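All remarks here apply to the structure that follows.
We did not get these values from a lab; they are worked out from the coordinates using the rules stated. Just so it is clear, the structure is predicted and the values come from calculations on it, not from any experiment. Cβ placement follows ideal geometry from the backbone for every residue including glycine, while neighbour counts extend to all protein chains displayed.
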Amino acid sequence: MGHVLVNNTRGKDDVERASLSFLVGNVALNSGQEATVLLTIEGVWVATNGYNDGLQANGFDPLSDLVQKFAANGGRIWVCGACAKPRGITQEQLVEGAQIVGAATAVEALVNGAQSLSF
Amino acid sequence: MAHATLDAGAENCGRLIGLVVEAMAQLAPGQTLAVRAYDPSSQIDLAAWCRMTGHELRSVTPIANHLELVIQKAAETKEVSHGTRTGQQHAR
């Protein structure tokens, strides 16, 4: 089993990129792979409760559905601590399955063989 | 004759895989699913998906304006990891 690490930097500023990140993550899970979405920069908002309500990119399922399915199927959502802190985002505001992490967590995953894809 | 049929319409990419995953879950090991797909990319995507999951893409048949892809469910499905990592909370 491989580990697919998808990096998303976007929130409402580009819902398509955010949606594609979770779509790829869901396909990885549905293909028997381990999957993590690493949210950085504005992308950290995607892991906060209620933020995705009403957001849907053309041709994609609603972003909230994509995120919910990803978490429900065992996908990990890592929220960049360095990006969450200046935005006032805390662990208590995050959707289930999301976790604030630091760079070392992502670096460890990469060192251990995770393959990354960025949107 | 396949054990089950899925009309995927024009869906592709993630939605196509999601539909196939749901349909395959209803089958017993060794049974087959016939997928009717109107998006040409379905062939290369489902072939890749089968390689990763252990299922076998038995045939791909062009029929008029769509493809019929027959997938045989693996004897032992590669399990999806449902583990959730709970690491320490870090901050810069």
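Within the bounds of the stretch A:8-28, is there any residue that is at the interface with chain B (Cβ under 9 Å from one of its Cβ atoms) and under 19 Å from residue A:81 (Cβ atoms)?
Scanning the stretch A:8-28 turns up no residue that is at the interface with chain B (Cβ under 9 Å from one of its Cβ atoms) and under 19 Å from residue A:81 (Cβ atoms).
Go through the stretch A:39-66 residue by residue and tally those that are touching a residue at least 12 places away in the same chain (Cβ under 8 Å), out of contact with any helix residue (DSSP H, G or I) (no Cβ under 6 Å at 6 or more places or on another chain), within 14 Å of another protein chain (Cβ to nearest Cβ) and closer than 26 Å to residue A:92 by Cβ.
Total satisfying the criteria: 1.
Would you mind telling me which numbered condition in (1) β-branched (Val, Ile, Thr); (2) surrounded by fewer than 22 Cβ atoms within 10 Å (Cβ to Cβ); (3) more than 17 Å from residue B:17 (Cα to Cα) residue A:36 fails?
Result: residue A:36 fails condition (2) only.
Do you know which residues across the stretch B:45-68 are touching a residue at least 24 places away in the same chain (Cβ under 8 Å) and closer than 22 Å to residue A:24 by Cα?
B:45, B:46, B:49, B:52, B:53, B:54, B:55
Checking residue B:39 against (1) within 13 Å of chain A (Cβ to nearest Cβ); (2) closer than 27 Å to residue A:57 by Cβ; (3) over 13 Å from the mean Cα position of the chain (by Cα); (4) exposed (fewer than 15 other Cβ atoms within 10 Å of the Cβ), only one condition comes out false. Which one?
(4)
Of the conditions (1) under 21 Å from residue B:61 (Cβ atoms); (2) assigned to a loop (DSSP other than H, G, I, E, B), residue B:29 fails just one. Which one is it?
(1)
Of everything in the stretch A:76-100, what is in a loop (DSSP other than H, G, I, E, B), more than 9 Å from chain B (Cβ to nearest Cβ) and surrounded by 15 or more Cβ atoms within 10 Å (Cβ to Cβ)? Give them in sequence order.
Scanning the stretch A:76-100 gives A:89, A:95.
Go through (1) closer than 20 Å to residue A:69 by Cα; (2) aliphatic (A, V, I, L, M); (3) without any contact (Cβ under 8 Å) to a residue 40 or more places away in the chain; (4) buried (at least 16 other Cβ atoms within 10 Å of the Cβ) one by one and return the number of the condition residue B:25 breaks.
(4)
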